[in-house]
1. As an exercise: evaluate N162 against (1) part of a helix (DSSP H, G or I); (2) open to solvent by 40 Å² or more (accessible area, probe 1.4 Å); (3) not β-branched (V, I, T) and give the number of the one condition it does not meet.
2. Quick check: is even one residue across the stretch 235-249 part of a strand (DSSP E or B) and open to solvent by 10 Å² or more (accessible area, probe 1.4 Å)?
3. Being outside any helix (DSSP H, G or I), among the polar types (S, T, N, Q), open to solvent by 40 Å² or more (accessible area, probe 1.4 Å) and under 18 Å from H208 (Cα atoms), is that true of even one residue in the stretch 133-150?
4. Can you pull out every residue in the stretch 93-126 that is open to solvent by 10 Å² or more (accessible area, probe 1.4 Å) and over 16 Å from the mean Cα position of the chain (by Cα)?
5. Taking only pairs six or more apart or across chains, which ones have beta-carbon atoms under 8 Å, a first residue in the stretch 193-209 that is among the polar types (S, T, N, Q), and a second residue that is assigned to a loop (DSSP other than H, G, I, E, B) and open to solvent by less than 40 Å² (accessible area, probe 1.4 Å)?
6. If you check F216 against the conditions, is it assigned to a loop (DSSP other than H, G, I, E, B), open to solvent by less than 10 Å² (accessible area, probe 1.4 Å), aromatic (F, W, Y) and touching a residue at least 60 places away in the same chain (Cβ under 8 Å)?
7. I'm told Y229 meets every condition in (1) assigned to a helix (DSSP H, G or I); (2) in contact (Cβ under 8 Å) with a residue 12 or more places away in the chain; (3) open to solvent by less than 40 Å² (accessible area, probe 1.4 Å) except one. Can you identify the failing condition by its number?
Amino acid sequence: LFCVVAVVVAILCLSGAASADMAVKLPNPKAETDLRYVYDRELLDMALRETEVQYGPYHISYASSAMSHKRTRVEIGRGRLINVVRSPTNADLEVSTIPVRIPIFMGLLGYRVALIRAEDQARFNKILSLQDLAALRAGQGAGWVDIPILQKNGLSVVKGANYDSLFGMLSAGRFDYFPRGVNEILTELETHRDQYPSLSTEKTLLLHYPFPVYFFVSKKQPNLAKRLYQGLSILAERGDLERLLYRYFGQQIKKLNLAKRRVFYLKNPDLPSQTPLAARHLW
């Protein structure tokens, strides 16, 4: 009788484990006005739904409070409060986590238009070279992957404590421009318009550097990383990733008039060697 009970208990335990939802734990957005992660959440949900037959149900949740960049790096390593982050890639992050090497913005975040004070547009009209731009100061958040890219291309960078503070710093003249992704800048400008009415998009310049953004998964969750890679690969090959990008950002990009801008190409010296640059359908 004892053996029978033990077998039944074991079967029930295994059944419960098999039916348990796969937990996906994301960082809490750092500010209520930060809308950058809405796209990420929908794409993540699409990739998980695409693989539900193979991997089972899932549940997406957010950390209870916002985290600094430094703490996020610590917690993704622990894999308890969060187990997935989205971030531009770098060599350190690819070692400390499992990178899901599908660029979720198809490289779009590497195209940068500057947020400036509207009164400074005349100064930017005179910038004809990267050397000219180097005389001005860019703003970036402390710990952001962009900082070494900008600096190694000869550009001056002023660091802010966090994302939300950078808009106030720009408005106050602490730096001269805030390079933003072409998929970010118009939404951010609208979100901060009432608080910082002096801010505007710069009209003449475009920065570009190779800048893939991935989902990174805690090393304690290899099955989740495998699942996301499979789901995102299907979405990319089928064209759903590109369609989602255009649905979210297509109209914004058209408004920026990119074809008529002067382009400065920057090198990304820290781009990991395993970046899938040859996979043209991912870019």
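The values are calculated or read from the model by the stated rules, or taken from the named source; none is laboratory data. Not measured: the values here are computed from a predicted model. Don't worry about glycine lacking a Cβ; one is built from the backbone with ideal geometry, like all the others, and counts go over all protein chains shown. Please note that ligands, DNA and RNA were not included when accessible areas were found on the heavy atoms of the full protein model with its side chains. Shrake-Rupley method; radii C 1.70, N 1.55, O 1.52, S 1.80 Å.
1. The failed condition is (1).
2. no
3. Within the stretch 133-150, none of the residues are outside any helix (DSSP H, G or I), among the polar types (S, T, N, Q), open to solvent by 40 Å² or more (accessible area, probe 1.4 Å) and under 18 Å from H208 (Cα atoms).
4. Hits for the stretch 93-126 are V95, S96, A114, R117, A118, E119, D120, Q121, A122, R123, N125, K126.
5. What qualifies is T201/L256; T204/I127; T204/R261.
6. Against the criterion (assigned to a loop (DSSP other than H, G, I, E, B), open to solvent by less than 10 Å² (accessible area, probe 1.4 Å), aromatic (F, W, Y) and touching a residue at least 60 places away in the same chain (Cβ under 8 Å)), F216 does not qualify.
7. Failing condition for Y229: (3).
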